[in-house]
1. If a residue must be assigned to a helix (DSSP H, G or I), surrounded by fewer than 17 Cβ atoms within 10 Å (Cβ to Cβ) and not basic (K, R), how many such residues does the stretch 37-51 contain?
2. Report, by residue number, each residue of the stretch 1-15 that is without any contact (Cβ under 8 Å) to a residue 24 or more places away in the chain and exposed (fewer than 13 other Cβ atoms within 10 Å of the Cβ).
3. Kindly indicate whether L47 is within 18 Å of K3 (Cβ to Cβ) and either in contact with a strand residue (DSSP E or B) (Cβ under 7 Å, 6 or more places away or on another chain) or modelled with pLDDT under 95 (or both).
4. Failed condition for E26, given (1) touching a residue at least 40 places away in the same chain (Cβ under 8 Å); (2) surrounded by fewer than 21 Cβ atoms within 10 Å (Cβ to Cβ), with all others met?
5. Taking the conditions exactly as written (in a helix (DSSP H, G or I) and among the acidic types (D, E)), does E34 satisfy them or not?
6. Out of L54, L62, L73, L19, which single residue is surrounded by 13 or more Cβ atoms within 10 Å (Cβ to Cβ) and either modelled with pLDDT of 95 or more or not in a loop (DSSP other than H, G, I, E, B) (or both)?
Amino acid sequence: MKKIIIVEDDPRMLGSLALLFEKEYEVEKYSDGEEALGRLRENSFDLVIADLFLNGVTGLDLYNAARDKGGFLLIRGIRSGILR
């Protein structure tokens, strides 16, 4: 079974993305970029889906560390709030 790692700090988005893929793929999910970075250094994945704007280790940091270990998709969530 193909493996996907999802890194997203928004719990609802993380859960939704996992639900989308877990019927067809083995999914590992992380809300912490540092923890995901350690996992990416240990293993290869068929696809990494990561939020661009994580606290600490960013999606771009993850991409730079794992770009040669499989496919990579950077996503950007839209934060709710008041526009000014």
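The values are calculated or read from the model by the stated rules, or taken from the named source; none is laboratory data. Since the model is a prediction, treat every value here as computed from it, not as a measurement. Note: ideal-geometry Cβ built from the backbone for every residue, glycine included; neighbour counts use all protein chains shown.
1. Residues flagged as assigned to a helix (DSSP H, G or I), surrounded by fewer than 17 Cβ atoms within 10 Å (Cβ to Cβ) and not basic (K, R) within the stretch 37-51 amount to 2.
2. Let us first name the residues in the stretch 1-15 that are without any contact (Cβ under 8 Å) to a residue 24 or more places away in the chain, namely 11-12, 14-15.
P11, R12, listed by residue number.
3. The answer is yes for L47.
4. So E26 meets the others, but not (1).
5. Working: in a helix (DSSP H, G or I): yes; among the acidic types (D, E): yes.
Yes: the conditions hold for E34.
6. Working: L54 fails: either modelled with pLDDT of 95 or more or not in a loop (DSSP other than H, G, I, E, B) (or both); L73 fails: surrounded by 13 or more Cβ atoms within 10 Å (Cβ to Cβ); L19 fails: surrounded by 13 or more Cβ atoms within 10 Å (Cβ to Cβ).
L62 is the lone residue from the list that is surrounded by 13 or more Cβ atoms within 10 Å (Cβ to Cβ) and either modelled with pLDDT of 95 or more or not in a loop (DSSP other than H, G, I, E, B) (or both).
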